[in-house]
1. Around Leu421, with a cut-off of 15 angstrom between Cβ atoms, what is the net charge of the other residues, counting Lys and Arg +1 and Asp and Glu -1?
2. Can you tell which of Ile198, Gly177, Asn245 lies farthest toward the positive end of the dipole of region 171-258, using +1 and -1 charges on the Cβ of basic and acidic side chains (Lys, Arg; Asp, Glu)?
3. With just the Cα atoms defining each centre, how far is region 316-368 from region 50-98? Give it in Å.
4. About its Cα centre, how strong a charge dipole does region 55-311 have in debye, to the nearest 20, once Lys and Arg get +1 and Asp and Glu get -1 at the Cβ?
5. For region 134-196 and region 375-446, what is the centre-to-centre distance using only Cα atoms, to the nearest Å?
6. Just one of [x] 1.11; [y] 1.06; [z] 1.17 is Cα Rg over 2.2 N^0.38 Å calculated from these coordinates, so which is it?
7. Local charge sum around Asn191 (other residues, Cβ-Cβ under 14 Å, Lys/Arg +1, Asp/Glu -1)?
8. Cross-link partners among lysines for Lys3, C-alpha distance below 22 Å, same-chain residues fewer than 8 apart left out?
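All of the numbers you see were taken from the coordinates with simple rules; none came from a lab. Source: prediction; values computed, not measured. Counting neighbours? That spans all protein chains shown, and the Cβs are built from the backbone with ideal geometry, glycine included.
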Amino acid sequence: MEKLKYEKPVISKITAGVPNKFGLPTKQKIITDIDGIAVPELIENYGSPAFVFSEKTIRKTYNDAKRAFETRYPKVQFAWSYKTNYLNAVCSIFHDEGSWAEVVSGFEFEKALLNGVSGSNILFNGPDKSEKDLEMAIDNNACIHIDHFDELYLLIETTRKLNKKARVAIRVNMDTGIYPMWDRFGFNYENGEAWNAINRIMLAQDLDLIGLHTHIGTYIMTASAYGVAAVKLSNLMVAISRKFNHWIKYIDMGGGFASKNTLKGAYMPGSETCPSFDEYAEAISNSIISSEIPHEHLPVLFLETGRALIDDAGYLLTSVLANKRSTTGRRTIVIDAGVNMLFTTFWYNLGVFPSKEVSSHAEETTIYGPLCMNIDVIREAINFPQVNVGDQLVIERVGAYNVTQWMQFITYRPNIVLIDLDGKTHIIRKSDTMETFNNSELNPKR
């Protein structure tokens, strides 16, 4: 018979009986596999750390969102947010499902074109559009979302130079009851700035106003705020029709839907407080359908949802490097994945789980990454079981922003793997090597 592994004695709170002041005992969640492929097998084949994406989860989440909106509103079009995750393999899945592309830079615009997206199916947002970017957008018949007056004037000048018309919308910021109010981008609704921009566009011969756009914030936990925004955009649409006898083609509600991740400082887990796609869809569709817009002129509803569509599909596999005790007696763990590849750990309490059955004894623990920086903290405080050096852990819901905001620092960036619908694995971005840097660096002779 195999000898049992030694576990140090601990003092545990008594949780017998219901109710008791410590609540019900909870069993440690473990993640042994992703889409049927064991975590040890993935790490053996692709190294540790490694990002893993589930195509099955991506498609399911997208279709859940699509169903929620299409059953409530007659004309819906999603546009995949490139900044959220612009891996070609990931973008291609969304485009395969019928999603357009939403980009915020010339770089992302070029990426969308290379991924086979027609220029007329690209929404071009953001405050940084150079003259070259605008020329590319005009030549490809993209939908240009104007962010500020200086961009508007540059666009008018560019259309005259090219002798071509541009399809445009404006980004509108507004008070929807969300604090802080996002007023950095676009034209304000309440002070008349948005209406001023609309009038200037309607006077410009080579600009075709086809839409109105807003993005009220990020990780919005109150679906009703989108209802307020939809009312205000609908009012602008009706005002445009009354003054100019012109019906715009679409209203773009942007993104900002919350994922099931838990924000730092939140009392309840995000999985319990995050609004559903149905709740967002209900708030938005009710406002547009109940507005003064005639049903024959209902606009196409665009959605630039990013985080809520991809977070659940992404995992980071990592391994334990060391166990330590701080000077306060707090148990700490060091793993081989740092904040350089997990940017979202700065605002989320990311879920970290063992990949196999471990000790039933848990205590408050700090999980550090491998970087020589004091800020390299994956979880400041988590009730975690005893793990040993070499044990493999899984960090869930990391699909959004991490692989676009990550940076090479101290360690190489790892492999990124996709598990397809048939359960086959594919490297969709190779890990860095020394060649990655030597090919880009130049060292002048002295």
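1. Working: positive: Lys56, Arg59, Lys60, Lys424; negative: Asp35, Glu55, Asp96, Glu97, Asp420, Asp422.
Surrounding charge for Leu421 is -2.
2. The residue sitting most towards the positive pole is Asn245.
3. Each part reduced to its Cα centre gives a spacing of 31 Å.
4. Values: 26 positive and 32 negative charges, 51 e Å.
Roughly 240 debye for region 55-311.
5. 36
6. Identified label for the calculated read-out: [x].
7. On the way: positive: Lys232; negative: Asp175, Asp183, Glu190, Glu193.
Taking every other residue near Asn191 into account, the sum is -3.
8. Answer for Lys3, where 22 Å is the Cα cut-off: Lys356, listed by chain and number.
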